[in-house]
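As structure tokens, the structure follows; a few thoughts come after it.
The values are calculated or read from the model by the stated rules, or taken from the named source; none is laboratory data. What you see is a predicted model; the values in this text were computed from it and never measured. FYI the Cβ positions are ideal-geometry reconstructions off the backbone, even for glycines, and counts take in every protein chain you see. Just so you know, the surface numbers come from the protein's heavy atoms only, side chains and all, with ligands and any DNA or RNA stripped out. Shrake-Rupley method; radii C 1.70, N 1.55, O 1.52, S 1.80 Å.
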Amino acid sequence: MAKKTIRTIPQDRTLMPVQDPAERARNFAEVALGYELDAALNESERCLLCPEANCVPACPVAIDIPGFIEKISKRDFRGAYDVVADANLLPAICGRVCPQEDQCEGVCPVGDTLEPVAIGRLERWIGDMAIAEGWANLPYTEPNGFKVGVVGSGPAGMACAADMAKAGCDVTIYEALHRPGGVLRYGIPDFRLPNEVIDAEYANLTRLGVKIECSTLVGRLFTIEQMIDEMGYDAVFIGTGAGSPQFMGIPGENLIGVLSANEFLTRCNLMHAGEFPNYDTPLHLGGRVAIIGAGNTAMDAMRVALRLGADKVHCVYRRTRAESPARVEEIDHAEEEGIEFHWLTAPVEILDDGEGNARGMRCLAMELGEPDASGRPRPVPIEGSEFEFEADTIIYAIGTNANPILGQTSDLKLNEWGYIEADDTLATSMAGVFAGGDIVTGAATVILAMGAGRKAARSMKAYLGIRDSETVYRPAQSGSDGKIFGIDAEERNFTRIRAA
Amino acid sequence: MDNRHEAGFEIVAREDFSDVTFLLEIDHPLMAKAARPGQFVITILHDHGERIPLTIADFDRERGTVTLVIQAAGKSTREMQQTCRVGTRLLSVTGPMGEPTDLGDVRKVVLVGGGLGVAPVFPQARAYKENGAYVIGIIGFRTKELVFWEDKFKACCDEFIICSDDGSVGIKGLVTEGIKRAIRKHGDIDRLVAIGPPIMMKAAAETTRPHGIETVVSLNPIMVDGTGMCGGCRVKIGDGIKFACVDGPEFDGHEVDFDDLMNRLQRYKADEKLAFEKWSEDCRQQLPEDSDPAAAGPAASGPERQQPQVDAGMFDGTYRMGMPKGK
Ligand SMILES: Cc1cc2nc3c(=O)[nH]c(=O)nc-3n(C[C@H](O)[C@H](O)[C@H](O)COP(=O)(O)OP(=O)(O)OC[C@H]3O[C@@H](n4cnc5c(N)ncnc54)[C@H](O)[C@@H]3O)c2cc1C
Ligand SMILES: Cc1cc2nc3c(=O)[nH]c(=O)nc-3n(C[C@H](O)[C@H](O)[C@H](O)COP(=O)(O)OP(=O)(O)OC[C@H]3O[C@@H](n4cnc5c(N)ncnc54)[C@H](O)[C@@H]3O)c2cc1C
Ligand code: SF4
Ligand code: FES
């Protein structure tokens with residue numbers, strides 16, 4: 001086959017069908033419908049199969065992107081899935097929620113002249129096919145006798161659990177909520193990531209032998225120390241997420257009608273408040289909804305509010321669209337659905353209707369100034385620009401803090417913001433305890449959390465003495481007398497001694 | 001942990017104190033081991049249920065159980081009253097949540113339980129007693145019929161006062177009457193703990209304020225997750241905002257903004273009423289065929305008999321509700 005060049009490939013990025021905006025703004029069905037076979041084959045032709053592909057190092061888990069795309073183009077779909085699954089345990093999820101424009105697709109040379117290869121859409125397509133076909137890469141594992149505990153069932157915990165189970169460990173995930181998935185479940189709504197996809201990925205974990213205990217608040221029901229000292233865990237991974245919502249500290253924040261996006265989304269996604277009173281959790285959405293913030297969380301909150309029947313949904317953000325941290329596709333979708341954006345606007349007070357309910361906000365107009373610590377231009381208030389903004393439901397989506405529970409209940413070392421301190425190998429201050437995902441980095445992304453879970457699994461294996469061949473290094477195999485430097489290698493604690 | 005909770009958490013005992021209050025004892029050995037006074041759980045009745053916070057009123061490490069005392073206040077708690085039987089299961093019982101009580105080195109303590117608040121204050125009374133403190137117990141009820149756990153509570157107290165609004169038992173008057181008596185009699189009270197309806201905790205805090213007695217209250221804002229993730233439970237303490245589920249639920253009563261708490265407790269009044277009415281209607285339609293009220297005890301006589309005392313002005317605000325999916 002002649003080498004492909006930018007001129008010989010299909011010039012237009014293959015469109016992914018989406019639900020009509022007017023229609024979808026009132027339902028919870030998935031917005032982006034995914035590729036059909038022909039579309040996927042066509043898009044796979046657009047990849048130049050670069051020998052030193054930029055996209056691979058730009059992927060947080062280094063998927064062999066040209067490798068899997070080539071297999072798609074050759075119609076070896078199972079092969080393509082195997083390539084993806086080597087690096088990414090949750091392709092159907094990541095294909096839907098990764099900020100591809102900032103990662104693989106952002107550096108694809110096809111994007112220099114045309115639109116970049118739609119790597120995310122192809123990944124999703126192959127992930128969906130795997131779910132539909134029931135593919136899963138379940139290696140033959142020999143139980144190695146090690147017990148591994150995972151705290152938190154978000155993407156970080158899932159990834160770590162899967163890798164440790166594949167290495168032959170007996171793995172249990174503990175989750176505080178009554179359903180697993182972390183933000184994937186309670187945060188990201190159905191129309192962006194259907195519950196069935198999460199369930200399917202979880203089913204694969206169970207097939208690997210991972211046990212999942214929900215309704216278990218670690219730290220309170222038992223501590224991390226107890227897991228190691230009393231419950232027989234040889235190693236523990238903590239992936240409890242960033243979770244604790246921030247408020248601004250402006251007057252009126254406690255009025256009725258003001259809530260965090262986490263509360264709003266949890267009520268809707270986890271507790272089905274949208275189906276009240278058939279489900280018991282109420283929501284009490286107003287007609288005029290304002291969401292403060294413009295990240296992924298904000299976009300999700302806006303679009304859920306719209307689908308639950310709000311008359312008008314507004315986004316209020318103190319910077320501009322260019323600085324918004326949301327996935328571009330989500331902003332586009334939100335705009336198409338009729339969300340009204342108010343850039344360069346910052347609330348300074350929430351106004352009371354005289355009966356304890358919010359009736360609106362007092363806002364200031366902003367302009368962009370010098371870059372701040374995050375490198376983005378700092379929004380500066382324009383003097384005398386105050387105005388009133390009417391709204392009866394006001395939702396905060398301005399970021400999160402570290403969840404305090406494990407800090408309150410263990411001796412784990414935290415950093416100054418309360419996140420768990422972990423070194424380059426993701427080991428914490430406590431021997432045998434590793435941590436990763438949002439609880440270490442602060443709010444980030446699904447793929448970074450997953451990557452952290454896998455990295456921690458590698459460190460955990462090294463710590464437990466499980467070699468990369470994924471067999472435990474045991475005296476019987478090495479032909480020694482069962483003692484290494486005079487220490488009985490079968491003695492489990494031996495493996496807990498970690499070089500400082 | 002074994003998988004005994006896969007199908008839910010089994011109820012191993014139930015006791016009815018009155019038409020509106022009942023006790024459930026739940027099989028949960030790990031929780032029984034972990035629970036400390038001042039903590040609570042979040043329960044879910046079934047897969048359409050909401051997350052209901054309830055204080056751990058007692059725990060028995062030998063039996064491996066925790067005890068909840070529940071007041072049938074609205075739809076969910078009434079449904080629990082009607083459907084929870086020995087042998088049935090709750091979908092979820094998560095906890096123990098919240099920071100446990102810090103007993104400190106308190107030598108003399110007054111423990112005040114208003115109405116249902118007697119249950120959550122009980123484990124504290126026992127813990128203070130075991131810690132060697134001189135315990136003065138004050139409990140208050142509207143009327144004699146509602147009194148429960150009097151003996152159990154009394155057994156942990158060095159002094160004990162009971163009050164009733166109508167004088168049908170003990171001192172006639174509110175618990176603040178009892179508090180005033182205790183303060184008059186003892187000049188050396190180190191701490192007062194008050195648990196009950198916000199209005200009662202507020203009154204207790206106001207009673208002790210002039211005397212400068214440290215006052216601890218346990219707040220009951222509307223909660224969702226109970227893990228610090230939603231901020232729905234935020235309360236105003238002094239100049240700051242705290243999340244009651246992880247920073248509390250106990251706070252300095254002299255710092256709490258009770259008016260803010262009471263306002264926030266009204267958040268879903270209209271929806272709660274709607275949920276209750278719909279459920280009552282559903283029950284009425286089911287009742288004739290498949291239930292035998294006599295056999296099931298007082299609870300099964302159903303919601304008709306226990307119409308909530310609706311404050312007429314409370315529900316006339318206009319409200320909108322989320323539309324069901326797919327509309
Ligand atoms: C609304 C929203 C939309 C988002 N959209 C995107 C997107 O489009 N793309 C993207 O890449 N990222 C997105 N993110 C960010 C992404 O979801 C997170 O970065 C990622 O989920 C973090 O994974 P995690 O495993 O570290 O933690 P989480 O997913 O937060 O999971 C942590 C889990 O641990 C549990 N837990 C906490 N404490 C305890 C305890 N003590 N005991 C037991 N369990 C505990 C929690 O209940 C939770 O289930 C979004 C986030 C939100 C909130
Ligand atoms: C930390 C804590 C400990 C509690 N301990 C007990 C206890 O030991 N026994 C007991 O009977 N009750 C206790 N409560 C109160 C109990 O949770 C509510 O009575 C219950 O949620 C009411 O639900 P419902 O559907 O029956 O009534 P609804 O009609 O829904 O509500 C009745 C009232 O209860 C409050 N409420 C409603 N939903 C919630 C919620 N999710 N969280 C908190 N309050 C809510 C509101 O003020 C509402 O007006 C506690 C609450 C908290 C926060
Ligand atoms: S950078 Fe673009 S063209 Fe090159 S291999 Fe990756 S996806 Fe294909
Ligand atoms: S109940 Fe959600 S943060 Fe406290």
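Rolling a 1.4 Å probe over the protein heavy atoms of region A:247-400, with every protein chain left in place, gives an accessible area that is 47 percent carbon and sulfur. With a 10 Å cut-off around each Cβ of A:209-222, the average count of Cβ atoms from other chains is 6.
Rounded to the nearest 10 degrees, the angle from helix B:175-185 to the longest Cα principal axis of chain B is 20 degrees. Accessible surface for region A:247-400, divided over its residues, is 35 Å² per residue with a 1.4 Å probe.
Here chain B carries DSSP beta bridges of which approximately 60% are antiparallel, counting only pairs with both residues inside. Relative to the dominant Cα principal axis of chain B, helix B:118-130 is inclined by about 40°. For region A:1-65, a crude dipole built from +1 on the beta carbon of Lys and Arg and -1 on the beta carbon of Asp and Glu, taken about the Cα centre, is about 240 debye to the nearest 20. The charge dipole of chain A, taken about its Cα centre with unit charges on the Cβ atoms of Lys, Arg (+1), Asp and Glu (-1) only, comes to about 1140 debye.
For residue A:3, the aspartates and glutamates whose Cα comes closer than 12 Å to its Cα, not counting residues fewer than 8 places off in the same chain, are A:45.
Solvent-accessible area assigned to carbon and sulfur over chain B amounts to 49 percent, based on a 1.4 Å probe.
When you filter the trypsin sites (Lys or Arg not before Pro) in region B:101-200 for DSSP loop state and at most 16 other Cβ atoms inside 10 Å of their Cβ, you are left with B:107, B:142. Each residue was assigned an accessible area with a 1.4 Å probe, and for residue B:166 the value is about 80 Å².
For the set A:125, A:135, A:417, the ranking by accessible area, highest first and with no ligand, DNA or RNA atoms included, is A:417, A:135, A:125 under a 1.4 Å probe. Compared with the alpha-carbon gap, the fully stretched path from residue A:340 to residue A:423 is longer by 25.6 nm at 0.36 nm per residue.
Once the GluC sites (Glu not before Pro) in DSSP loops with at most 13 neighbouring Cβ atoms within 10 Å are cut out of chain B, the longest remaining piece is B:63-327.
Taking GluC sites (Glu not before Pro) as exposed when DSSP calls them loop and at most 14 other C-beta atoms lie within 10 angstrom, chain A has its longest site-free stretch at A:53-229.
Given the pairs B:129/B:154; B:108/B:180; A:312/B:273, which are separated by over 21 angstrom at their Cα positions? Pairs exceeding the cut-off: A:312/B:273. Accessible area per residue was computed with a 1.4 Å probe on protein heavy atoms; residue B:227 scores about 10 Å².
Positive end of the dipole of region A:247-400 (Cβ unit charges, origin at the Cα centre): among A:393, A:351, A:328, the Cα lying farthest that way belongs to A:328. Please work out the C-alpha center-to-center distance from region A:112-177 to region B:185-225 and express it in whole Å. A separation of 50 Å, based on Cα centres. If both residues of a DSSP beta bridge must be in the protein assembly as shown, then about 50% of such bridges are antiparallel. Relative to the Cα centre, the charge distribution of region B:108-261, modelled as +1 at Lys and Arg Cβ and -1 at Asp and Glu Cβ, gives a dipole magnitude of about 420 debye. Heavy-atom accessible area, probed at 1.4 angstrom with all protein chains present, ranks A:438, B:19 as B:19, A:438, highest first. Sorting A:341, B:22 by solvent-accessible area of protein heavy atoms yields A:341, B:22, largest first, with a 1.4 Å probe. Over chain B, what is the mean sequence separation of C-alpha contacts under 8 Å (at least six apart), divided by residue count, expressed as relative contact order in percent? Here the relative contact order equals 14 percent. The heavy atoms of residue A:214 present about 40 square angstrom of accessible area, all protein chains included, probe 1.4 Å. Compared with the dominant Cα axis of chain A, that is its longest principal axis, helix A:77-87 is turned about 90°. Note the buried accessible area between B and A here, summed over both chains, with a 1.4 Å probe, in Å² to the nearest 100. Interface area, both chains combined: 5000 Å², rounded to the nearest 100. So for region A:247-400: antiparallel DSSP bridges make up what percent, rounded to the nearest 5? Counting only bridges with both partners in region A:247-400, antiparallel ones make up about 50 percent.
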